[in-house]
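Comments concern the structure below.
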Amino acid sequence: MTSPVLFLFREDLRLKDNPALRAAIETAQPIMCLFVLDEETEGAWSAGGARKWWLHHSLKSLMADIEEVGASLTLKRGKAEDVVPKIVQEIGAKQVFWTRRYGPSQIEADKTLKEILKSRDIEVKSFNGRLLFEPWQFTTKTGGYYKVFTPFWKNLKANGDIRAAVAGIRKINGLPKESQHSVASLALEELDLRPSNPDWSKGFDPEWSPGEAGAKDRLKRFLDEAAEAYKDDRNRPDKPGTSGLSPHLHHGEISPIQIWHAVKERVAANEIPDDQADVFLSEIAWREFSYVLLYNKPDMIDEEINPKFKAFPWADMRSAKPDLTAWQKGQTGYPIVDAGMRQLWQTGWMHNRVRMIVGSFLVKHLLIDWRYGMEWFWDTLLDADIASNTASWQWIAGCGADAAPYFRIFNPMTQGEKFDPNGDYVRNYVTELANLPTKYLHTPWEAPKDVLKAGGVKLGVTYPNPIVDHKTARLRALDAYQETK
Ligand SMILES: Cc1cc2nc3c(=O)[nH]c(=O)nc-3n(C[C@H](O)[C@H](O)[C@H](O)COP(=O)(O)OP(=O)(O)OC[C@H]3O[C@@H](n4cnc5c(N)ncnc54)[C@H](O)[C@@H]3O)c2cc1C
């Protein structure tokens with residue numbers, strides 16, 4: 001007697017190092033692979049526009065990979081708590097396997113689904129396939145969770161025995177045809193994931209290859225070309241100094257475990273210096289830290305971790321709306337900010353240093369509530385991640401755990417000059433300034449009239465004047481900060 005297993009793919013769209021899938025296969029029962037697009041349960045936190053584009057391509061790639069190992073992926077849309085039990089009944093499954101998720105609404109949804117299935121005598125097995133460690137695994141000496149990154153990172157390195165990657169999948173025994181046919185799959189196009197109205201995804205294609213093979217290539221390229229100088233180049237948006245793995249990691253096309261071991265192997269082979277690797281792995285640990293915060297403080301998705309900031313006098317959006325729009329469109333008149341916002345719109349990704357600059361500009365120069373920034377990123381980032389996005393916005397706004405102090409206000413001119421010294425990054429995205437001499441590229445308003453004219457720039461016409469004066473905005477932000485004390 002066989003009793004089929006249902007495997008639910010969610011944020012683990014890969015066949016290699018997928019402990020939940022490996023365990024399902026080890027049952028030696030026929031397996032049905034299912035993906036349910038459940039926007040209803042996740043509500044405001046379901047995938048934004050950019051991530052849906054990624055999901056479309058990632059599912060396409062996963063479907064081909066699953067077919068290659070002998071099975072197929074069934075696609076459905078609806079509330080998982082309705083769809084899954086129905087399918088379980090139709091195929092006569094006795095077990096359901098999945099990889100754990102950690103967003104508050106995801107945890108709730110999975111709990112509900114588990115209870116429904118258990119009440120029908122269906123066994124549910126869940127696994128960690130998303131993080132190096134479970135977010136509850138490392139505690140401070142007093143038994144609480146870490147709120148400061150450095151001791152967390154030290155503890156992880158000293159006590160974290162990183163498990164080996166589990167073997168890849170060579171064969172999936174799908175369901176016998178008659179049972180599979182009782183459950184019709186939607187066609188991928190029917191999930192309607194690609195952006196329309198507007199379709200801003202044209203710039204994504206040349207930059208990205210969603211899917212497990214794309215993730216593997218991206219990691220290899222990083223290890224071959226950039227990892228050896230990561231510590232030095234990671235802050236330079238004008239160079240390909242970081243891995244670009246974030247959308248792959250978010251969708252689970254590669255695991256942090258695979259990345260960790262791949263880096264360590266290169267260090268052992270003396271191909272990457274230890275200190276460079278250490279900084280890169282500490283960034284992977286920032287991702288873990290974000291999940292620790294989210295798991296232990298789930299209301300951080302819309303409430304300040306530091307309660308003092310609940311009274312912060314954010315700008316009234318009835319009058320600040322034009323500032324928000326200028327920021328979103330990359331029309332603030334500050335070249336490094338505009339370059340970042342345009343990189344985001346065009347490519348679905350933004351360099352980390354520039355994320356910090358544009359984030360600081362929004363919450364400090366414009367005094368706009370960090371939640372508006374987070375929402376925009378949620379819709380436009382291919383790597384939009386509930387833990388990293390929220391923790392990072394709170395960090396930038398000064399209200400998070402181990403956050404940048406609010407009074408440290410990034411100066412967009414000096415940041416631009418320091419991290420984009422030749423202006424290559426700004427020229428690439430703010431093309432209307434491309435012919436200005438580098439000296440004025442980050443401060444076009446300081447350029448003499450003849451220089452502007454020679455560069456084809458008419459301030460206020462071809463490129464905006466700054467929407468706020470830096471010095472005035474800085475003082476206004478510091479005044480506002482006094483109100484949190
Ligand atoms: C305001 C703001 C919002 C952000 N929103 C997100 C988000 O939604 N999703 C997201 O994945 N990252 C977010 N980050 C963190 C960081 O900017 C990106 O992870 C990084 O730029 C991704 O590029 P990469 O893969 O080349 O990074 P690399 O430098 O190559 O780092 C490797 C991996 O480490 C992780 N990582 C790196 N930096 C951080 C960090 N500061 N916090 C958490 N994880 C990190 C990522 O998974 C990344 O892929 C945000 C940062 C800021 C300042």
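The values are calculated or read from the model by the stated rules, or taken from the named source; none is laboratory data. As the structure is a computational prediction, the values presented were derived from the model and not from experiment. Using ideal geometry, Cβ is built from the backbone for each residue, glycine included, and neighbour counts are taken over all protein chains shown. To get the accessible areas, we keep the full protein, side chains included, count just its heavy atoms, and leave off ligands, DNA and RNA. Shrake-Rupley method; radii C 1.70, N 1.55, O 1.52, S 1.80 Å.
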### Summary
Under 5 Å from the placed amide H of LYS125, counting only residues 5+ away or on other chains, we find VAL96, PHE97, TRP98
### Query
Taking θ as phi - 60°, what are the ³J(HN,Hα) couplings along the range 326-337 by the Karplus curve (6.51, -1.76, 1.60), each to the nearest whole Hz, with x for Gly and Pro?
4, 5, 4, 8, x, 10, 8, x, 9, x, 5, 5
### Message
Regarding the chain, what's the average projected area of the Cα-atom convex hull, expressed in nm²?
### Response
24.5
### Task
At 7 Å along the Cα-to-beta-carbon direction for both SER126 and THR438, put a label point, then send me their distance in nm to one decimal.
5.2
### Query
Which value at 222 nm does the chain reach when only helices count, each DSSP H run of 4 or more adding -39,500 (n - 2.57), with the total divided by all residues and rounded to the nearest 500 deg cm²/dmol?
-14000 deg cm²/dmol
### Query
Given 0.36 nm per residue, what is the gain on full extension from ALA28 to ALA184 after removing their alpha carbon distance, in nm?
53.8 nm
### Task
Estimate the FRET efficiency between TRP286 and LEU475 by the formula 1/(1 + (r/R0)^6), using the beta-carbon distance for r and 25 Å for R0, to the nearest 0.05.
0.20
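Count the net charge of all other residues whose Cβ sits under 12 Å from the Cβ of ARG14, scoring Lys and Arg as +1 and Asp and Glu as -1.
Summing Lys/Arg as +1 and Asp/Glu as -1 gives -1.
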### Message
With a 1.4 Å probe and all protein chains left in place, how much of the accessible area of the chain comes from carbon and sulfur atoms, in whole percent?
### Response
49
### Task
Can you figure out the FRET efficiency of GLU228 with ASN411, using R₀ = 25 Å and their beta-carbon distance, to the nearest 0.05?
0.20
### Residues SER119 and ASP302, FRET efficiency given R0 of 35 Å [Cβ-Cβ distance, rounded to 0.05]
0.65
### Query
When the Karplus curve 6.51 cos²θ - 1.76 cosθ + 1.60 is applied with θ = phi - 60°, which whole-Hz ³J(HN,Hα) does each residue of the range 140-149 get, with x for Gly and Pro?
6, 4, 8, x, x, 8, 6, 10, 10, 5
## Note on the structure
Sorted by chain and then number, the residues having a modelled amide H within less than 5 Å of the amide H of LEU37, at least 5 places away or on another chain, are LYS76, ARG77, GLY78
### Task
For VAL5, list long-range residues whose amide hydrogen, built 1.01 Å from N in the peptide plane, is under 5 Å from its own amide hydrogen.
ILE31, MET32
#### Entry: Residues of the chain: accessible area per residue with a 1.4 Å probe, Å²
44
#### Entry: For the range 1-129: rounded, prolate or oblate by the Cα gyration tensor [a/c cutoff 1.5]
oblate
